[in-house]
1. Rounded to the nearest 0.05, what FRET efficiency is calculated for residue 52 and residue 176 with R0 set to 41 Å and r the Cβ-Cβ distance?
2. With an 8 Å Cα cut-off and a minimum separation of 6 or more residues, compute the relative contact order for the chain in percent.
3. Once the principal axes of the Cα atoms of the stretch 1-95 are found, what is the range along each, listed largest first in whole angstroms?
4. Place a +1 charge on the Cβ of each Lys and Arg in the stretch 1-124 and a -1 charge on the Cβ of each Asp and Glu, then give the dipole magnitude about the Cα centre in debye, rounded to the nearest 20.
5. Where a Cα-Cα gap under 18 Å defines reach, which lysines qualify for residue 173, not counting those fewer than 8 residues away within the same chain?
6. Quick check: net charge around residue 1, other residues with Cβ under 15 Å of its Cβ, Lys/Arg +1 and Asp/Glu -1?
7. Which of (i) 22.8; (ii) 13.7; (iii) 21.1 is the computed mean projected area of the Cα convex hull in nm² for the structure on display?
8. Round to a whole angstrom and tell me the spacing of the C-alpha centers of the stretch 102-116 and the stretch 142-193.
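The values are calculated or read from the model by the stated rules, or taken from the named source; none is laboratory data. Quick caveat, the model's predicted, so the values are computed rather than measured. We place every Cβ from the backbone using ideal geometry, glycine too, and count neighbours over all the protein chains shown. Surface areas here come from the heavy atoms of the whole protein model, side chains and all, with no ligands, DNA or RNA. Shrake-Rupley method; radii C 1.70, N 1.55, O 1.52, S 1.80 Å.
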Amino acid sequence: PYDIEHRILTSRGVRWVRERAQITFVADRPVIAIGTVQDITRRVQTERTLRESEDRLRAIIDTSPVPMVISDSHQIASVNQAFIKVFGYAADDILTLEDFRSRAYPDPDYRQQVIELLQARREIANRDGTPFEPIELRICCKDGSFKTVLGESVALPGRDLHLATLVDISPQKNALARMEVLLETALDGIHIL
């Protein structure tokens with residue numbers, strides 16, 4: 001049997017077809033072929049449109065300044081460049097969600113709290129059809145430093161995948177902590193409106 005896909009020129013323009021046939025041989029010579037030719041132009045166009053859409057989404061994620069992770073319930077499918085830049089972990093460092101969790105949250109108690117909180121927020125978002133409420137997380141980077149982030153998650157349609165965004169708010173948290181120290185140690189009375 002043979003099964004091929006190719007383009008042909010018809011009176012309606014260029015079309016994509018799939019040819020399938022069964023060939024009967026006698027003495028190593030083909031004597032008869034019985035098969036079909038199916039117009040698959042719509043399928044090919046749909047696949048091309050889907051690939052282009054996925055390419056655009058990939059470009060948006062890759063060039064975003066916000067760290068992003070795409071994962072299912074066990075594996076990390078990809079991380080963008082901002083994720084690598086902020087946290088230091090490349091996709092090869094964290095192949096599974098468990099790899100990431102054990103590195104990002106080295107304290108087992110905190111890790112369990114994060115897991116339970118994420119599951120609860122996802123369940124509420126899925127049940128009520130509401131957006132995922134952001135969570136403030138403290139993540140250990142590859143170099144051992146810590147970043148405070150606002151984490152959000154959204155289910156990607158049609159697949160068991162989630163897109164998580166992790167906005168680094170460490171500079172704001174550090175500035176707020178410095179301001180609190182100044183306010184606590186100031187000798188003058190301070191009133192903030």
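1. Once the sixth-power term is evaluated, E becomes 0.40.
2. This gives 13 percent for the chain.
3. Ordered largest first, the stretch 1-95 gives principal extents of 66, 36, 20 Å.
4. Taking the Cα centre of the stretch 1-124 as origin, the dipole is about 760 debye.
5. 147
6. On the way: positive: 18, 20; negative: 3, 5, 19.
Taking every Cβ under 15 Å from that of residue 1, the sum is -1.
7. (iii)
8. 18 Å
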